[in-house]
Amino acid sequence: MSTGALEVAGERERRRALDFLALTKPRVVVMVLVTTVVGYYLGSAGAADSLRLLHTLIGTALAAAGTLALNQFLERDVDALMERTRLRPLPDGRIQPIEALAFGAAITATGVLYLTTVVGLLCGLVTAVTVGLYLFAYTPLKLRSPLCVVVGAVPGALPPVTGWVAARGELGVGAGVLFAILFLWQLPHTLAIARLYREDYARAGIRVLPVVDPEGTSTERQIVTGCFALLTVGMLPTLIGLTGAVYFFGALTLGVVFLGCGMAQAVSRSVPAARRLLFASLLYLPTLLALMAFDKARF
């Protein structure tokens, strides 16, 4: 085979590898891992076990990546109808459905089994529940009911619980508070995205709230309610002794600003306001998590 042919073949394989990587949505996986690390760190009594954390992250990364690949397999026909997703590897035909199914199923199963055998049964169980809810509750519900946002927020809030369980070997109040914060944060965050891409979602038949509520009354009410609840719940880590005063006042400030953005969206119901709310949500969560890690109470 000539040098030119080898280069062409190598480039083809590189592109296929990148397409399979795209199936796993690396940026989402990174966010999952960040919240898992925070849950592990907050759940650790004394110094964190770095090797155990590494095992937790390996298993969680595999399970999350595989789940996201399977989600794209299940939603390939829907993705083909939306401008923002029609060029993904599956709807664009660069990867065949059977390849995506085998790839996603293999690494998802590997991740769950790795966590179960290396980290612990409860950790594997939490991850298995996350996978099941995301693929078999949230994904099909998107075409049926606006409740999909609420249902989808459950698996989205479980990664820090995985981290907590990996560190402690048990559930607890702290894990519940972390879950509540991640759950509530997703509501205004996801509704802001749905507001921005309402026409695209409507074209694909995805029944998020802005699609079934074009006037925005219910959407904006839920955004404000979610932001207000998050403001309140966001201060609980200090009240249960998980973090200190620095976190408390930081969470209060972040919550007030986020609520202000939610209220601005409710008043104007405009695309720029929804974009500002989305941007605020993307700043809120990593800043809050960083404050948690910085001001963790020593116990």
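The values are calculated or read from the model by the stated rules, or taken from the named source; none is laboratory data. Because the structure is a prediction, the values reported are computed rather than measured. Cβ coordinates were reconstructed from backbone atoms using ideal geometry, including for glycine residues, and neighbour counts include every protein chain displayed.
Before moving on, here are some points about what is shown:
- Set 61, 69: member being over 30 Å from residue 291 (Cβ atoms), surrounded by 20 or more Cβ atoms within 10 Å (Cβ to Cβ) and within 17 Å of the chain's Cα centre (by Cα): 69
- Some residue of the stretch 277-285 being farther than 17 Å from residue 150 by Cβ and in a loop (DSSP other than H, G, I, E, B): no
- In the stretch 72-124, residue surrounded by the fewest Cβ atoms within 10 Å (Cβ to Cβ) [restricted to those that are among the hydrophobic types (A, V, I, L, M, F, W, C) and assigned to a loop (DSSP other than H, G, I, E, B)]: 87
- Exactly one residue out of 30, 34 is within 30 Å of residue 242 (Cα to Cα), exposed (fewer than 13 other Cβ atoms within 10 Å of the Cβ) and out of contact with any Gly (no Cβ under 9 Å at 6 or more places or on another chain): that is 30.
- Residue count for the stretch 141-175 under the criterion of being of a type in the set (D, E, K, R) and surrounded by fewer than 18 Cβ atoms within 10 Å (Cβ to Cβ): the result is 2.
- Counted residues, the stretch 219-250 - those being surrounded by fewer than 16 Cβ atoms within 10 Å (Cβ to Cβ), of a type in the set (A, V, I, L, M) and within 16 Å of residue 277 (Cα to Cα): 0
- Residue-level check: of (1) surrounded by 21 or more Cβ atoms within 10 Å (Cβ to Cβ); (2) over 22 Å from residue 52 (Cα atoms); (3) assigned by TED's automatic domain parsing to the domain that holds residue 202, residue 178 misses just (2).
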